[in-house]
Amino acid sequence: MEATVRLRYASLLHEETENSIEAEEVLGKGIALCERSRLSDLKYSMHHLLARVMFKTNSRVALKAIDKIIPDVETYQHIAWVYAFRFLRATLSLQVSSHPETLSALQHLRSISSLAESRGDRAIRVTSAALEAMAHVRAMGSDSIELAQRAIASARSYQLDPSMHQLPQITALLDCLDLACSLQQFSPEQAATKLQAMQFVMDRVNKDDRWNADGTFSIPIQTNTPSQLTASTGGIFQRNDDGEATLTLCWLRRSELYTLGYFLSGVATMHRVAADVKSEKYLTEGLKCTHDNFRPQENPSTSLSHASARLSSRAVMNWYMRVHLVFVFCNRSDWPAAERALKELQEAIQTTAFDVPEPLRLLITYLRGVLYQAAGDTEAALSVFQSPSLILQAGTPKTSDSRNDLALLATLNTILIVRTGSHLNHKLASKLIAQVEPLCLSHPNKSLASALWLLRATGVSATEVAPTIIEVKQCLQRSLHAAKSVSNNQLVAYTMTLLTDRLFTKIIGEQAEKSARTMRALVGKTASSLWTCVADGMLADTLDGNSKSEEAARFRAEATRLTQELPKPLLEKYMDGQMEGS
């Protein structure tokens, strides 16, 4: 009785207070009592809870404590507890966010898979593979996505097994991870297919009564587990209707899964035709979900620590929804809406006490620079792009992560601004292009390679020798090929605009007109007033050369109308013919 009371008391201290020291003392005495009384279930439960308590204040000590108990559990062949401690070790390691701990988490998950395979615990095997895939997706290494897809395939090899039907949470997680892999591979066609599969699963689990209101789910363990090992475990183990021991894990509540689904849907549809508002609708619905997640009927009583963690998670998801909405508006050149969305994001952050993730801070900083540049305030934009957080460091590894990617984008923006001969730092452009070229060409996102070839086609700096017409054509063809490979409609349109300008300006004939019309149609899909002005003017000049003055006049009138929508600084540069650096 005393051991049970100590476990419950320590659980309350852990969940409802910040008094970790007292909780550790209570558990220390409880473990000693269990050792004397040979109460294995309570002893292991207290070790499990003690590791979670210590992790709050000293993650390294907590992980070492788990490493110490695992060999003892394995020696006595208490298989259920081997699963429990290794899952705990893996999930805590993933929260540390360091490469060595990620490798450690993967090692423990593979050990679980190997043991579960030999014991016939297929539900455990599938869960371990799903968590391994998640660890790889988070790792962002050069082969992480390939390894994640292998883990997903391994988990899905059991999709016809009855155990999979008991784990709708794992099925949903696998679909989310599969879509995330396609997004990180920058494969829009695959992403579209996997998006449909994910949305189908989302709709199906909405009707699944095995999705508990508190987000917990039970993984059945086929290995025969003595009841005395799982009798009193503080909720770590339970018994199902068939008398099997089940390991309890916790993921998302149903409403939180829908929020995640809307977010992934918004990201997956973001780079379609700019006029397509699907991405905005998904993200807007996701924002509503972040506000609705705490409706009383969906929130059974929960501990203070769990409630705080969920509030923090909800706030972070809300912020990422908002920052991607800014990107959606930028994508279709709706700069006033982008400015409002960014302001609302900053206000939302200021109204909460939760920490802002560093990647989100970098995104906000970069977007501020983009909006300055879009308004024609190139000096303000340059001050942002050259801020310490966005400077591309020498020796930057050729791996994709948020810090490197945003620094790479900021450097490309900097090149566009300083490259004109009138800029005081125009000589910097050649140095920067040499720095970014190997990174752009080796990056998994071919849009960066396309942007690089566009820069090369137009001459990186005013001080460089202009490329020959053959070199220009080669660069533009490479840019067009790279942009098409990732279905980047904007870069396809801009490349066609430059191709028409370089190869068909002042050329009379059917081919020149056909190229100009194709270019204008592509640019029209970008919803960019600036580029549409340019395209209308170019098409009008071509039509004039082909004696189609009446049609040319209509396009010139449209170009004139659209110029009035441009910000004043941008309009002045456009009228002065100095748009090359904007």
With every protein chain kept in place and a 1.4 Å probe, the chain has an accessible area per residue in Å² of 48 Å²
Which angle between 0 and 90 degrees, to the nearest 10, do you get for helix 446-458 versus the longest principal axis of the chain when only C-alpha atoms count?
20 degrees
With θ set to phi - 60°, apply the Karplus curve 6.51 cos²θ - 1.76 cosθ + 1.60 along the range 555-567 and write out the HN-Hα couplings as whole Hz, x wherever there is a Gly or Pro.
5, 5, 5, 5, 4, 5, 5, 5, 4, 6, 8, 6, x
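Using a cut-off of 13 Å between beta-carbons, work out the net charge of the residues near residue 491 (Lys and Arg +1, Asp and Glu -1, residue 491 not included).
Around residue 491, the surrounding residues sum to +4.
What is the extension gain from residue 307 to residue 110, computed as 0.36 nm multiplied by their sequence separation minus the C-alpha to C-alpha distance, in nm to one decimal?
Working: separation 197, 0.36 × 197 = 70.92 nm, distance 3.15 nm.
Working it through step by step, the gained length comes to 67.8 nm.
Between residue 546 and residue 346, 0.36 nm times their residue separation minus their Cα-Cα distance comes to what?
On the way: separation 200, 0.36 × 200 = 72.00 nm, distance 5.21 nm.
Contour length minus Cα-Cα distance gives 66.8 nm.
Would you list 227, 187, 422 from the most to the least accessible area, probe 1.4 Å? It would help to have the intermediate numbers written out before the result.
On the way: 227 75, 187 30, 422 105 Å².
Heavy-atom accessible area, descending, gives 422, 227, 187.
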Round to the nearest 10 and give me the degree value, 0 to 90, for the angle of helix 304-331's Cα axis relative to the longest principal axis of the chain.
10 degrees
Using +1 at the C-beta of Lys and Arg and -1 at the C-beta of Asp and Glu, which of 434, 420, 47 has the Cα lying farthest in the positive direction of the dipole of the chain?
434
Could you state how much accessible area residue 140 has, in square angstrom rounded to the nearest 10, with a 1.4 Å probe and all protein chains kept in place?
60 Å²
Quick one: 3J(HN,Hα) in Hz for the range 371-381, Karplus 6.51/-1.76/1.60 with θ = phi - 60°, rounded, Gly and Pro as x.
5, 4, 5, 5, 7, x, 8, 5, 5, 5, 4
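Take the alpha-carbon positions of the range 1-72, form their convex hull, and give its projected area averaged over all directions (one quarter of the hull surface) in nm². Before the final figure, lay out each step's value.
On the way: hull surface 17.3 nm².
In nm², the orientation-averaged hull projection of the range 1-72 is 4.3.
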So, with points 7 Å from each Cα along the Cβ direction, the residue 387-residue 165 label distance in nm works out to 5.5 nm
If I compute solvent accessible area with a 1.4 Å probe over the protein chains, what percent of it on the chain is carbon and sulfur?
54 percent
Angle check, please: helix 122-139 long axis (alpha carbons) against the longest principal axis of the chain (alpha carbons), in degrees 0 to 90, nearest 10.
40 degrees
At a 10 angstrom cut-off on C-beta neighbours, averaged per residue, how do the peptides 349-358, 106-115 rank from highest to lowest?
106-115, 349-358
How charged is the neighbourhood of residue 225? Take every other residue with its Cβ under 14 Å from the Cβ of residue 225, and add Lys/Arg as +1 and Asp/Glu as -1.
-2
Label-point separation in nm, residue 57 to residue 12, each point 7 Å along Cα→Cβ:
2.0 nm
What does the net charge come to around residue 20 if you take all other residues with beta carbon closer than 11 Å to its beta carbon, with K and R at +1 and D and E at -1?
-2
Check each of the GluC sites (Glu not before Pro) in the range 490-572 and keep only those in coil by DSSP with at most 15 other C-beta atoms within 10 angstrom; list them in order.
565
Where the only charges are on Cβ atoms (+1 Lys, Arg; -1 Asp, Glu), what is the dipole of the chain about its Cα centre, to the nearest 20 debye?
520 debye
Residue-level accessible surface for residue 456, protein heavy atoms, 1.4 Å, Å²
70 Å²
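For the range 446-565, give the magnitude of the charge dipole about the Cα centre (Cβ charges: +1 Lys/Arg, -1 Asp/Glu; no others), in debye to the nearest 20.
400 debye
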Rounded to the nearest 10 Å², what accessible area does residue 481 show when all protein chains are kept and the probe is 1.4 Å?
130 Å²
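Nothing charged except the Cβ atoms of Lys and Arg (+1) and of Asp and Glu (-1): what's the magnitude of the dipole of the range 251-347 about its Cα centre? Round to the nearest 20 debye. Working shown, then result.
Numbers: 13 positive and 10 negative charges, 35 e Å.
The dipole of the range 251-347 has a size of about 160 debye.
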Per residue of the range 339-349, in order, report the coupling 6.51 cos²θ - 1.76 cosθ + 1.60 (Karplus, θ = phi - 60°) as ³J(HN,Hα) in whole Hz, putting x for Gly and Pro.
5, 5, 5, 5, 5, 5, 4, 5, 5, 5, 5
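The values are calculated or read from the model by the stated rules, or taken from the named source; none is laboratory data. It should be emphasised that the depicted structure is a prediction, and the values quoted were computed from it without experimental measurement. Please note: Cβ atoms are built from the backbone with ideal geometry, for glycine as well, and neighbour counts cover all protein chains shown. To get the accessible areas, we keep the full protein, side chains included, count just its heavy atoms, and leave off ligands, DNA and RNA. Shrake-Rupley method; radii C 1.70, N 1.55, O 1.52, S 1.80 Å.
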